[in-house]
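Inspection log for the structure reproduced underneath, given as structure tokens.
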Amino acid sequence: MSKPSPEVYEQGKGMDAHNQAMREIRSRKEASYDPHEPTRVWLDEDNTPDGVKTSLTIILNTGGCRWARAGGCTMCGYVAESVDGGSVPHDALMDQIDVCLAHEAENADAPADLIKIYTSGSFLDEREVGAESRRAIADTFADRDRMVVESLPDFVDREKIGDFTQHGLDTDVAIGLETATDRVRHDCVNKYFDFADFEGACAEAAAADAAAGGDVEAGIKAYLLMKPPFLTESEAVEDMISSVERCAAVDGCHTVSMNPCNVQRYTMVDDLYFEDGYRPPWLWSVAQVLAETADADAIVVSDPVGHGSDRGPHNCGECDDRVQKAIKDFDLRQDPSVFEQVSCACELTWETVLERERSFNQPLTR
Ligand code: SF4
Ligand SMILES: [Zn+2]
């Protein structure tokens, strides 16, 4: 079994039992990687505060999430490998960026407006991406419109955001908050920080926004997780409605991305699923949260991964593609009437689940 190294700063945070279980589960996975290649890169379109933009999404390989090395989140199957020296060196990170630029040049007609960089960890954690690399990456993309970088809230500060805004780039920090409810985040997800830390990061982004002047924006994009393990379908819906509303009310947070949990291999969710103790959320639940929070003071979007499959968010199998399409329409238009145009006989089953499922009898259906 892999052991967290002594410098893993997260020791003592989170629930020791969760961490121990997750370390054992993750240790079943063999992983290796090339530090000169990004984990993934793709082109897409995204809804931003300035409208729909072409986007280049980069998953940088920075050696994996440090929290995952300690055990980490109950639903997350990202690689938890440690690397020699604990991080990927500057030159290798810049090689990864070059691979991404080559991919874009080959597959897009024009450079993307929006660049999104995820690391399966924290781009703003200098043990993952040093200040030199962060500034070089900001220089590389200085001619684009907008950047999104992923980080846990502890590492967000106005100076780091300033490395991007000084080039005139609108800058968002994507934070995997998962839920605004501290108890659910700690006990169901096994994340160590509090909503107050998220509010602190939003305040840093708001300060960076003020410092950047009127033409350049800085803000926070909150990522929420619908239905972590141990919540019933109705508890998950309630948790998301209140979380979207609480996030949208925080100054500095302009977008909420609310995403249904899927069953990833080598996770606690996978073990529960295998023992009939977990069902991913219904797509009807996603639609309900989006419809009920449509007037929140933020863009609210959802991108259900693996929709329609047993391990992803799903309905009955007949209507999954139609509901997914309505969700994607909502993402671009923010108009809840898109959901009035889809219906299916399985809505009755879903309503029954909402009414009857209790923690001790879940999941009520597959
Ligand atoms: S969800 Fe994020 S913080 Fe949690 S283990 Fe995965 S990469 Fe790390
Ligand atoms: Zn159906």
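Where a number appears in this text, it was derived from the coordinates with a stated rule and is not lab data. Keep in mind that what you see is a predicted model, and the values were worked out from it rather than measured. Positions of Cβ are backbone-derived with ideal geometry, glycine not excepted, and every protein chain shown enters the neighbour counts.
In whole Å, what is the distance between the alpha-carbon centres of segment 44-62 and segment 112-177?
Going from one Cα centre to the other spans 13 Å.
So for segment 16-361, if I pair up every lysine 8 or more residues apart or on another chain, how many of those pairs have alpha-carbons under 17 Å apart?
Counting lysine pairs in segment 16-361 gives 7.
Taking 7 Å along the Cα-to-C-beta vector as the label spot, tell me the GLN264-LYS325 distance in nanometres, rounded to one decimal.
Between GLN264 and LYS325, the label points sit 3.0 nm apart.
Mean-square fluctuation check for the chain, GNM, Cα pairs under 10 Å: which of THR140, THR62, THR74 is largest?
THR140
Compute the separation of the alpha-carbon centres of segment 287-366 and segment 206-228 and state it in Å as a whole number.
If we compute the Cα centre of each part, the gap is 27 Å.
Would you pull out the residues with amide H under 5 Å of VAL263's amide H, same chain only if 5 or more places away, H placed 1.01 Å from N?
Under 5 Å from the amide H of VAL263 lie the amide H atoms of GLY312, each far enough along the sequence or on another chain.
Could you tell me the calculated FRET efficiency between LEU43 and PHE274, based on Cβ-Cβ distance and R0 = 30 angstrom, to the nearest 0.05?
0.30
Considering only ARG183, ARG265, ARG23, give the residue with the highest GNM mean-square fluctuation for the chain, with springs between Cα atoms whenever their separation is below 10 Å.
ARG183
What FRET efficiency comes out for ASP182 versus ALA105 if R0 is 51 angstrom and r is the Cβ-Cβ distance? Round to the nearest 0.05.
E(calc), rounded to 0.05, equals 0.70.
Report, for segment 16-361, the % of DSSP beta bridges that are antiparallel, rounded to 5.
The answer is about 25 percent antiparallel.
Given the options TRP284, TRP42, TRP350, which has the most mean-square fluctuation in a GNM of the chain, springs set between C-alpha atoms less than 10 angstrom apart?
Among TRP284, TRP42, TRP350, the largest mean-square fluctuation in the Gaussian network model of the chain belongs to TRP42.
Once you keep just the Cα pairs under 8 angstrom separated by 6 or more residues, what percentage relative contact order results for segment 16-361?
The value is 14 percent.
Name the cysteines of the chain that stand alone by the Cβ rule: no other cysteine Cβ under 4.7 angstrom.
So, CYS65, CYS100, CYS188, CYS202, CYS247, CYS253, CYS261.
Sum -39500 (n - 2.57) across every DSSP H segment of at least 4 residues in the chain, then divide by the residue count to get the 222 nm mean residue ellipticity, nearest 500.
-11000 deg cm²/dmol
Can you divide the C-alpha Rg of the chain by 2.2 N^0.38 Å and report the result to two decimal places?
Dividing the Cα Rg of the chain by 2.2 N^0.38 Å gives 0.97.
Treating each Cα of segment 160-294 as an identical point scatterer and ignoring solvent, apply the Debye formula and state log10 I(q)/I(0) at q = 0.16 Å⁻¹.
The Debye formula, applied to the Cα set alone, gives -0.82.
Using 7 Å Cα-to-Cβ label points, what is the LYS29/PHE360 separation (nm, one decimal)?
With each label point 7 Å from Cα toward Cβ, the separation is 3.5 nm.
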